[in-house]
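In what follows, a structure is listed as structure tokens, so that the remarks can point back to it.
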């Protein structure tokens, strides 16, 4: 990026008027046109922070040689060439090490590419005015001069000079350190040296809108923003390792220490007790350590996780944090919002109560009906040029209802324009707008009936407006309850007239002494696939919870229809008010009794998550609002909504649902289980093979047998480790994957029988190789020691390589028969085994190469022994699995 793109504008826009700022930026309040946008994209570049200097392929390649064991091996190879004049062995060792480094670069690059793709998929979006119309664009596509619309929950996408502010508050702690949100104003700041915290007419990139709404013009993007300047001054931070990587690193260190000790013991025994050549034993010991240490395991696990993220992305679950893929597999609780996740998020008005009469939404209303007017006036829905409604589903349903009843909102707003408002928030559960109506002003209020009814003093009847009575309120509440029992979401409408709009709006003054206009009942029908997903989750031992701000009766009705609770099980429902009455200790004791939470605020979600976590459960929590962020952070898996979610909630999440669908969460859990299972398979395969190699060489050394040359070990490690292990990570999910309980918080890669499998399978592999070597020595086909030894060496080399490839088929399932899971379903696995097999055979069969690798041609009888011993691992493991299944069944 050029220096010009970094600089952009240095003007103190906060010290200028709105018109001066727009003139300076050559912009208008209706936004830029397409030509201006294209020109500025070319001039200023993308609106993003620099990614930092990336490693070149050469740097990645050289870093593969930082491993101490690799350096020791190279030194040993050089010593061998100088002392023993064994140049061929040294060249082959060098070639194997280089090929291994190339594969390491391939693994690292592939993992980086997958993670980079995830970053692109989770790029935040912004609502902007362009060509006079509101559109949604990626935040990276913003340019200076763009008009950005802001509302509660948004992340500010660039540095803005505010042009409009309606109760707008922005939290700027990332820049100022102040956790209290700043109330924004449009006034000019006279002090040109004002600090960031004093620039109340500015909105800064990466800060969070916590209240109200407004708009502003982009004045700086990318590295020219305030946060970009800080990023430019900071040195590159050290990379942090995830818990998953830390566990793998601990495993790697433990295995490294154990194998190095074995290699040292083997060298001492071979050299000093069995009289073997010291240089040869040094090379053998080092080669064993290099081959047996699974240094590529972290990279292989990263690739398996990355492959899992790509599968999930295709199924509408965008993974923002790679370890979340593995954690998903252990999920025991899914605490889900109702609206849009378990339901369609397409609210439809079904009932309306007005003039003391409840009627169907199909019954025609007069366009002068005050309930109809209030629901349309106290509404922030925007209609784009193509007719699409943009806004909260509840509010768009009210506008749609108004259209069906011939309510001309545009014309009404021209006659009674909005002049002020009190935006909705989750504490008040109310929203009010004020409209000029001749000499006076109309206050239109909508909100939760139980809250709003307390603020009402009068009621509108067909003939007049009179004081409301206790009986009136009782009838209203009864109608509210009747609608709620039908799973309808109920809103109440009220209004009043005031002579003068106060200079400073507050709820106590504006939202009191109101006139009751009516109730409206809406339903957000459940998703057709949600009930099936709930059933699958329960069968998998995952408990679904429903959390909603709706009325208790509505929540209970929807939860029963979905199968989350049984119909009539009122005891499984807890309201926010009831939760507030419980102490932490009491709720912790009773949390297992509740599956539905009604009338709760986002703050309650943290208590719910913590209570389940105290029971040792792995909790996934959904959220879409600004206030959901703490619960999303607290949960083991935070799940943000891609459609209705705010940028704050998405940023706090581990996963973002592209379709806001509960069924997608269950799919992601299944994929998470599959990924963890496949990681276990890769670990089982690698460690069983490595154990087989270690035991083969160690026992052979104790017996003074020369079963393997260093180049044989390194070649087998190269050929059999990488491709089959990665391919195992692409295995399809086993059919019974969702038929057993989650593995839980305390499980690890060796749980579920993996450790015992590694041990007995590694021992069997070593036994087969040693048996083949002993057979070749005791019943030689050729005469003469050199011929006998060459045959025995070749047969043990071939057996050790082939038995690992045959064993890869066993690992397709830890407990099930490979004939049940499918031998050849995984095409990537088939090609990986074939490629490894070709690489193994080519060094034995191709003239010249077999000389370089010190192996001989085998006759048909010897190949029968090799293939028989190698294949024997399949029926042996199948037999053990059968016994294990019988024992478990009994």
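Since every read-out is calculated from the coordinates, none of them should be taken as a lab result. Note that the coordinates shown come from a computational prediction; the quantities given were computed from them, not determined experimentally. Cβ placement follows ideal geometry from the backbone for every residue including glycine, while neighbour counts extend to all protein chains displayed.
Couple of notes before you dig in:
- One chain, two ends: residue 561 and residue 418. Fully extended at 0.36 nm per residue, the span grows by 47.4 nm beyond their Cα-Cα distance.
- DSSP-defined beta bridges in the chain - what % are antiparallel, rounded to 5: 75
- The separation of region 557-590 from region 844-890, counted between C-alpha centres, amounts to 58 Å.
- Principal-axis analysis of the Cα atoms of the chain puts helix 393-404 at an angle of about 50° to the longest axis.
- Applying 1/(1 + (r/R0)^6) with r as the Cβ-Cβ distance of residue 55 and residue 747 and R0 = 41 angstrom yields a FRET efficiency of 0.75.
- Stretchable slack from residue 185 to residue 26, in nm (0.36 nm times residue separation minus alpha-carbon distance): 55.0 nm
- Packing-based exposure ordering (other Cβ within 10 Å, fewest first) of 556, 63: 63, 556
- Inter-label distance for residue 348 and residue 828, nm, one decimal - labels placed 7 Å from Cα along Cα-to-Cβ: 4.2
- Ranked 440, 543, criterion: other C-beta atoms within 10 Å, fewest first: 440, 543
- Region 730-745 and region 706-721: distance between their alpha carbon centers, rounded to Å: 35
- Listed by Cβ neighbour count within 10 Å, with the fewest neighbours leading, 210, 584 appear as 584, 210.
- Compared with the dominant Cα axis of the chain, that is its longest principal axis, helix 87-121 is turned about 10°.
- Ranked from largest, the principal axis spans of the Cα set of the chain equal 119, 69, 46 Å.
- Nearest-ten-degree value, helix 470-485 long axis tilted from longest Cα axis of the chain: 30
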